[in-house]
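Below is one structure, written out as structure tokens, with a few remarks after it.
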Amino acid sequence: MHNVGVIFKKQLKDTLKNKTVLIQFIMFPAMTLLMENAVKIPDMPELFFTKLFSVMFLGMAPITSAAAIISEEKEKNTLRVLTMANVKAWEYLLGVGLYVWTLCMAGAGIMATGLPASDIPFYLGIMAAGLVISVVIGACIGVFSANQMSATSLFVPVMMVFSFSPMLAMFNDKIEKVARIFYTQQLRVLMNQMSFEGIKTESILILVVNAVLAVVLFFAAFRKKGLE
């Protein structure tokens, strides 16, 4: 755990240097606060922008950040130096994953400030679960990619599918039928309910299947590419 902590602190120090990562942690929390307080439309659902941007944040920030960090360090051979310093692959990946998850949860905490106090535990709970899946997907892309350019070509379409399909599903029934198999869509449904009593078995099963697939793909990518 010492090595994991060192990796975590290293990434924290590098945050201000990596603008691609930094903007992901700032953009959606800032947009949520701005839109919720500045835009008032008649008959608009309560906390519309908080729920919309939360799902987009889930499908974008952790995937982009984890993939960008890992692919950049592979390209710059930083990982080879860490390996020589007896840092194991799982220690590095856990450190990066915890770093991305923690900063995203901090962003989720900011986005939750407009929620009723009774809804905050449920909101943070489903955000935490969704962020874990997204971090694993981002790590999978980062491990599979040889450099930053190839990582970008992979995470952009993946990010767009997971972050924008729930929004489009709100306006199109056909898209909704396809989007329902994605974890981000199920998390949007849970946010609309905002209650532990409203959780359906279908949503839990889809979340579990998405999580298992993400883990399987990650190990497949790691087995094929590793961190070299």
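The values are calculated or read from the model by the stated rules, or taken from the named source; none is laboratory data. The model shown is predicted, which means the values in this text are computed figures rather than measured ones. Note that we place each Cβ from the backbone using ideal geometry, even for glycine, and neighbour counts take in every protein chain shown.
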So Leu168, is it assigned to a helix (DSSP H, G or I) and in contact (Cβ under 8 Å) with a residue 40 or more places away in the chain: no
Is the range 62-69 home to any residue that is out of contact with any Gly (no Cβ under 8 Å at 6 or more places or on another chain) and either of a type in the set (A, V, I, L, M) or part of a helix (DSSP H, G or I) (or both)? no
Identify the residue in the range 55-82 that is among the polar types (S, T, N, Q) and buried (at least 22 other Cβ atoms within 10 Å of the Cβ) and, among all such residues, is farthest from Leu98 (Cα to Cα). Ser71
Contact list, first residue from the range 135-152 and in contact (Cβ under 8 Å) with a residue 12 or more places away in the chain and on the phi > 0 side of the Ramachandran plot, second anywhere and crowded, with 24+ Cβ neighbours inside 10 Å and of a type in the set (S, T, N, Q), beta-carbon distance below 7 Å, six or more apart or interchain, is none
For the range 168-197, which residues satisfy the criterion of being at pLDDT below 90, in contact with a Phe, Trp or Tyr (Cβ under 7 Å, 6 or more places away or on another chain) and farther than 15 Å from Leu47 by Cβ? Phe196
What are the residue pairs meeting all of these: first residue in the range 99-126, first residue part of a helix (DSSP H, G or I), second residue basic (Lys, Arg), Cβ atoms under 6 Å, and 6 or more apart or on different chains? none
Looking for something assigned to a helix (DSSP H, G or I) and within 21 Å of the chain's Cα centre (by Cα) - is there at least one such residue anywhere in the range 38-48? yes
Top-ranked residue in the range 55-90 [being among the polar types (S, T, N, Q) and either at pLDDT 85 or above or over 24 Å from the mean Cα position of the chain (by Cα) (or both); ranked as farthest from Val136 (Cα to Cα)]: Asn86
Counting only residues that are among the small types (Gly, Ala, Ser) and over 21 Å from Ala129 (Cα atoms), which one in the range 147-191 is nearest to the chain's Cα centre (by Cα)? Ala151
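State all residues of the range 83-98 that are in a loop (DSSP other than H, G, I, E, B) and either touching a Lys or Arg at 6+ places or on another chain (Cβ under 9 Å) or within 21 Å of Phe144 (Cβ to Cβ) (or both); if no residue qualifies, say none.
Val87, Lys88
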From Leu52, Leu34, which residue is modelled with pLDDT of 85 or more, loosely packed, with under 15 Cβ neighbours inside 10 Å and assigned to a helix (DSSP H, G or I)? Leu34
Residue that is farthest from the chain's Cα centre (by Cα) [pool: residues in the range 192-228 that are outside any helix (DSSP H, G or I) and touching a residue at least 60 places away in the same chain (Cβ under 8 Å)]: Glu228
